[in-house]
Amino acid sequence: MTLGTTAGPPAPTSPPARLAAVDTLRVIGIVGVMVIHAAPFAHGPARLGAVWDAATLANQAARFAVPMFFVFAGYFWARRGDTPAALASGARTMVPRLVGRFALWSLIFMIPFESDRIFRRFPEGFLRNLQANVTWAATHPGTVLLQGTSGHLWFLMSLAMTVALVALLRRVCTTRTVLLLGAGLFAASLLAGAYRRTALGFALLFNPRNGPGFAVLPVALGCWLAGRTPSPRWATIGLGLLGGGALLAAGELQWLHNHHGTTLAQDLVIGTFSMGVGAALLGLAGPAWLRVPRLAALGPLVLGVYVAHPILVDLLVPLTRRAASPWADLTAILAIALGTLGLVRWLGRWRATRWLVS
């Protein structure tokens with residue numbers, strides 16, 4: 001089944017125009033990322049991922065966001081020109097910016113922001129946790145290289161490594177060949193991740209989520225989609241992949257849980273990837289009901305919100321979690337979103353800090 005008619009990408013003389021439906025989904029996706037990191041509804045004796053409770057459902061429903069972001073990254077990168085030379089030119093711009101943000105935000109997140117630790121006995125608590133963070137970074141250089149000093153920064157380094165790798169591969173092979181290589185990397189990462197306890201699984205010395213293992217396939221898929229003209233059929237296919245992926249992910253997770261004792265809260269399974277691709281196709285199709293101007297207007301701020309939001313998570317979640325109330329959890333998500341949005345806009349006002357969030 002084709003997704004649309006083949007049409008070469010536009011000339012790389014100007015960046016692609018913003019798409020309202022894509023920006024709307026980006027905003028929805030970043031809220032999903034906040035849900036993952038804030039872990040709402042995780043109260044009581046059951047740990048996250050032990051049963052299909054509200055906490056686990058919210059966590060897994062939000063997992064579509066990361067593969068969707070990777071597809072969008074590949075799509076808009078290749079829309080500037082899907083030739084080896086054009087992709088290499090784009091990579092020379094993207095990779096240093098991603099690595100630069102990764103490095104500086106890793107330095108920022110050496111500072112402890114957890115309110116339940118740093119304010120318990122201030123300033124002793126703050127200084128003690130700062131020292132602990134520095135010591136951890138010094139003794140875990142491999143993890144810091146791939147993940148940074150805050151777990152969410154893995155996305156920046158993964159995207160930088162993937163863009164560099166795909167640009168290099170495109171010098172010697174086609175996008176479809178890169179897709180096949182990406183599928184192999186994705187399968188291997190699954191076997192080292194969610195499927196590690198199965199007969200074919202194996203262990204790595206690092207989290208398979210980090211690095212290009214999971215990212216090459218969705219980024220290459222985004223590049224492939226960039227050479228095709230979106231059509232209304234993309235929305236239908238996208239909805240099918242989104243819904244079908246959710247059912248597949250639930251089935252995968254339940255099977256892994258029943259037969260191998262794997263937690264239900266996983267970073268990525270096959271169904272999660274399907275959900276992300278479906279959401280990306282839906283956004284690129286641009287149906288009118290998904291073009292929400294007020295949400296789309298926030299689209300350019302999503303990257304900044306992504307890198308900065310754990311500051312608000314660390315500050316607010318320990319306070320709201322004491323209430324052990326779903327309403328407190330939802331209030332925390334809203335406060336994290338609004339607080340991070342304000343922080344990003346404030347940082348964007350100053351030339352010295354604008355590049356951190358844009």
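The values are calculated or read from the model by the stated rules, or taken from the named source; none is laboratory data. None of the values given here were measured: they were computed from a predicted structure. Cβ sites come from the backbone with ideal geometry, for glycine too, and all protein chains shown count toward neighbours.
Please determine, by comparing only the residues of segment 67-84 that are in a helix (DSSP H, G or I) and touching a Lys or Arg at 6+ places or on another chain (Cβ under 9 Å), which one is modelled with the lowest pLDDT.
That would be PRO84.
Where residues in segment 256-309 are among the aliphatic types (A, V, I, L, M) and in contact with a His (Cβ under 9 Å, 6 or more places away or on another chain), which of them is surrounded by the most Cβ atoms within 10 Å (Cβ to Cβ)?
VAL307
Counting only residues that are in contact (Cβ under 8 Å) with a residue 40 or more places away in the chain, of a type outside the set (Gly, Ala, Ser) and on the phi < 0 side of the Ramachandran plot, give me the helices (runs of 4 or more DSSP H) lying completely in segment 265-329 with at least 3 of them.
270-285, 302-321
Out of ARG128, ARG197, ARG121, ARG176, I need the residue that is at pLDDT below 95, closer than 25 Å to LEU268 by Cα and surrounded by fewer than 16 Cβ atoms within 10 Å (Cβ to Cβ). Which one?
ARG176
Taking the condition of being of a type in the set (S, T, N, Q) and under 20 Å from the mean Cα position of the chain (by Cα), how many residues in segment 71-113 meet it?
Number satisfying all stated conditions: 1.
What is the number of the single condition among (1) free of Cβ contacts under 8 Å to residues at least 40 places away in the same chain; (2) more than 30 Å from ARG233 (Cβ to Cβ) that THR262 does not meet?
(1)
Being assigned to a loop (DSSP other than H, G, I, E, B) and among the aliphatic types (A, V, I, L, M) is the filter here, so list the residues in segment 28-45 that pass it.
ALA39, ALA42
Rundown of residues vs (1) modelled with pLDDT under 95; (2) under 16 Å from the mean Cα position of the chain (by Cα); (3) within 19 Å of ALA62 (Cα to Cα); (4) not hydroxyl-bearing (Ser, Thr, Tyr), yes/no style:
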{"position": "PRO230", "(1), (2), (3), (4)": "yes, no, no, yes"}
{"position": "GLY240", "(1), (2), (3), (4)": "no, no, yes, yes"}
{"position": "GLY245", "(1), (2), (3), (4)": "no, no, yes, yes"}
{"position": "SER274", "(1), (2), (3), (4)": "no, yes, yes, no"}
{"position": "ALA280", "(1), (2), (3), (4)": "no, yes, yes, yes"}
{"position": "PRO318", "(1), (2), (3), (4)": "yes, no, no, yes"}
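Check off (1) surrounded by 17 or more Cβ atoms within 10 Å (Cβ to Cβ); (2) touching a Gly at 6+ places or on another chain (Cβ under 9 Å) for GLY339 and give me the number that stays unchecked.
Checking GLY339 against (1) surrounded by 17 or more Cβ atoms within 10 Å (Cβ to Cβ); (2) touching a Gly at 6+ places or on another chain (Cβ under 9 Å), the one that fails is (2).
Out of all the residues in segment 142-150, is one or more surrounded by fewer than 18 Cβ atoms within 10 Å (Cβ to Cβ) and over 28 Å from ALA352 (Cα atoms)?
yes
Of a type in the set (D, E, K, R), in contact (Cβ under 8 Å) with a residue 60 or more places away in the chain and part of a helix (DSSP H, G or I) - does that describe any residue in segment 339-354?
No, segment 339-354 contains no residue that is of a type in the set (D, E, K, R), in contact (Cβ under 8 Å) with a residue 60 or more places away in the chain and part of a helix (DSSP H, G or I).
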